[in-house]
1. For residue 65, indicate whether it is part of a helix (DSSP H, G or I) and in contact (Cβ under 8 Å) with a residue 60 or more places away in the chain.
2. Among the listed residues 373, 391, identify the single one that is surrounded by fewer than 20 Cβ atoms within 10 Å (Cβ to Cβ) and among the small types (Gly, Ala, Ser).
3. If I go through the stretch 346-370 residue by residue, how many of them are under 19 Å from residue 312 (Cα atoms), surrounded by fewer than 24 Cβ atoms within 10 Å (Cβ to Cβ) and of a type outside the set (Asp, Glu)?
4. Any chance the stretch 361-375 includes a residue that's touching a helix residue (DSSP H, G or I) at 6+ places or on another chain (Cβ under 9 Å), within 24 Å of residue 84 (Cα to Cα) and not in a loop (DSSP other than H, G, I, E, B)?
5. From the residues in the stretch 68-83 that are free of Cβ contacts under 8 Å to residues at least 40 places away in the same chain and outside any helix (DSSP H, G or I), which one is nearest to the chain's Cα centre (by Cα)?
6. The conditions are (1) under 30 Å from residue 290 (Cβ atoms); (2) in a helix (DSSP H, G or I); (3) under 22 Å from the mean Cα position of the chain (by Cα), and residue 379 fails exactly one of them. Which is it?
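The values are calculated or read from the model by the stated rules, or taken from the named source; none is laboratory data. None of the values given here were measured: they were computed from a predicted structure. Cβ atoms come from the backbone with ideal geometry, glycine included; neighbour counts cover every protein chain shown.
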Amino acid sequence: MTDLRLRLRLARHLAVALFTLPFFLWPGLMLVRDLADPAMAGPGIPARAHELHARLSEELVPWARERIATGRAASAPLHDVPTTEWPMFSAVFYLMATENLVNAWESAGGEGESPMVYARPAVDAAKDLILDPSHHTWVRTHWGEDYLHQENVFFRGLLIAGLTSYHQVTGDHEVLPTLRDQVRTLSDELDASPLGLLDDYPGECYPIDVVATIAFIRHSDRSTGFDSRAFVARSLRAFEGERLDELGLVPFRVDLSPDRTVAWDVQPGRGIGSSWIAMFTAEAYGLERSQAWYAIHEAHFWQHQGWAEGFREWRRGSEAEWGFEIDAGPVIDGFGTAASAFGIGAARAHGRFDHAYSLSGQMAAASWTLPDGTLLLPRLVSHAADAPYLGEAGILYFLTVQPHEELQRSGTYVAASEVPPLAKIGVFVFFGFPALAWWQLVRTWRRIRVGARAASTRRPVVARPELA
């Protein structure tokens with residue numbers, strides 16, 4: 001019975017040890033690879049981004065085509081963010097990341113294969129999704145049939161960003177009439193607004209989305225042939241003086257009066273909002289102003305907690321340190337998961353590779369990379385049915401953001417420092433658990449071997465004749 005129990009234990013330990021190879025050892029090896037990647041700690045495209053882009057380019061096509069063919073987006077609940085906004089966000093992040101990858105390939109002299117060689121079907125599918133009428137249902141319900149020419153800043157901003165990237169990587173002029181119409185009408189509408197602000201949804205104004213949209217309009221000039229510099233200069237009135245919160249950050253949300261002449265501060269700057277716009281503000285308003293905003297964001301939202309470091313979601317003492325919020329995601333010990341994820345792109349845009357390396361290393365540890373390239377935890381926190389690739393598409397974009405061109409010319413970066421604490425914990429877990437599992441397997445196998453050896457050398461008991 002003892003021998004049988006040992007053999008059953010050996011089988012159990014073998015199963016656990018084999019399980020650790022793809023689910024612990026492989027993620028650990030990928031984590032070590034990422035931590036040693038110079039493009040994680042400086043300019044360039046990390047190997048993880050190239051791999052993630054290649055995989056998403058395969059998986060995004062059937063997902064997007066199925067959504068378009070079924071028209072499933074038309075029945076999404078009106079206020080359900082994951083089923084309305086997230087599919088659009090997924091496609092736009094993918095398109096913007098593809099533009100960054102193509103730009104990097106061209107900057108390197110166009111050596112090797114262009115990312116567009118394998119990505120074109122996914123690029124077309126992403127473009128078709130963001131133009132698909134069923135994926136416009138929720139904003140059409142909010143704003144009516146004139147939804148593409150009446151406020152609706154967040155949606156129209158994403159449309160501009162996605163179509164701009166699509167045109168940049170394909171040269172396809174088919175999208176230019178829609179892109180030019182959106183750029184012209186939205187910039188005119190923002191110009192005509194007394195405060196330079198408009199709503200995302202009726203009664204919901206998010207200045208952070210206005211900032212991002214203005215940056216998208218500025219970025220679109222190369223595609224549209226427009227010159228938006230004068231408009232962008234005028235738009236700054238919405239983000240100066242009393243239009244900023246008490247720290248000097250762009251507010252997360254305000255309420256506008258019906259005539260749009262008065263704005264009440266509802267939510268001051270938050271981690272996710274400031275990290276989100278910091279990826280784009282240098283292109284819109286110049287590096288100096290963008291660096292000033294980033295410095296305030298760092299001073300009031302960056303934290304070290306021993307086990308991790310990153311951006312907070314809320315100002316200290318203003319909200320709970322643990323919880324969940326639909327925009328921010330999980331808030332853990334004060335850290336905003338979305339604020340820190342967006343912070344990767346924000347830090348890279350400003351050449352803050354001390355922050356970027358720390359956030360990227362912790363992201364690599366927390367992502368839990370599977371052998372097929374899937375990032376397990378980002379996949380789990382995305383919406384499984386409607387936006388399964390949002391987390392990975394977002395990470396892909398953040399990792400492809402490059403420092404502002406002024407920083408690239410001067411080479412003025414803040415260097416990366418040591419391996420971040422959460423990444424060290426990840427290394428310990430990913431390698432420690434397999435080591436323990438295989439040690440238990442070897443230990444049990446040796447006990448069986450010792451028992452077998454003892455049994456083979458044990459002398460048999462023979463009854464003496466005189467006792468018979």
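1. Details: part of a helix (DSSP H, G or I): yes; in contact (Cβ under 8 Å) with a residue 60 or more places away in the chain: yes.
Answer is yes for this residue.
2. From the options 373, 391, the qualifying one is 373.
3. Selection size over the stretch 346-370: 2.
4. Going residue by residue through the stretch 361-375, those that are touching a helix residue (DSSP H, G or I) at 6+ places or on another chain (Cβ under 9 Å) are 361-375.
Right, trim to within 24 Å of residue 84 (Cα to Cα) and you get 374-375.
Cutting the leftovers down to not in a loop (DSSP other than H, G, I, E, B) gives us 375.
Yes, because at least one residue in the stretch 361-375 is touching a helix residue (DSSP H, G or I) at 6+ places or on another chain (Cβ under 9 Å), within 24 Å of residue 84 (Cα to Cα) and not in a loop (DSSP other than H, G, I, E, B).
5. Across the stretch 68-83, the extreme among qualifying residues is 80.
6. In the conditions (1) under 30 Å from residue 290 (Cβ atoms); (2) in a helix (DSSP H, G or I); (3) under 22 Å from the mean Cα position of the chain (by Cα), residue 379 misses (1) alone.
Rundown of residues vs (1) hydrophobic (A, V, I, L, M, F, W, C); (2) closer than 22 Å to residue 290 by Cα; (3) more than 28 Å from the chain's Cα centre (by Cα), yes/no style:
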site: 164; (1), (2), (3): no, no, no
site: 168; (1), (2), (3): no, no, no
site: 179; (1), (2), (3): yes, no, no
site: 192; (1), (2), (3): yes, no, yes
site: 196; (1), (2), (3): no, yes, yes
site: 215; (1), (2), (3): yes, yes, no
site: 225; (1), (2), (3): no, no, yes
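Table: residues versus (1) assigned to a helix (DSSP H, G or I); (2) within 20 Å of residue 217 (Cα to Cα); (3) among the aromatic types (Phe, Trp, Tyr); (4) out of contact with any helix residue (DSSP H, G or I) (no Cβ under 8 Å at 6 or more places or on another chain).
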| residue | (1), (2), (3), (4) |
| --- | --- |
| 92 | yes, yes, no, no |
| 117 | yes, no, no, yes |
| 128 | yes, no, no, no |
| 138 | yes, no, yes, no |
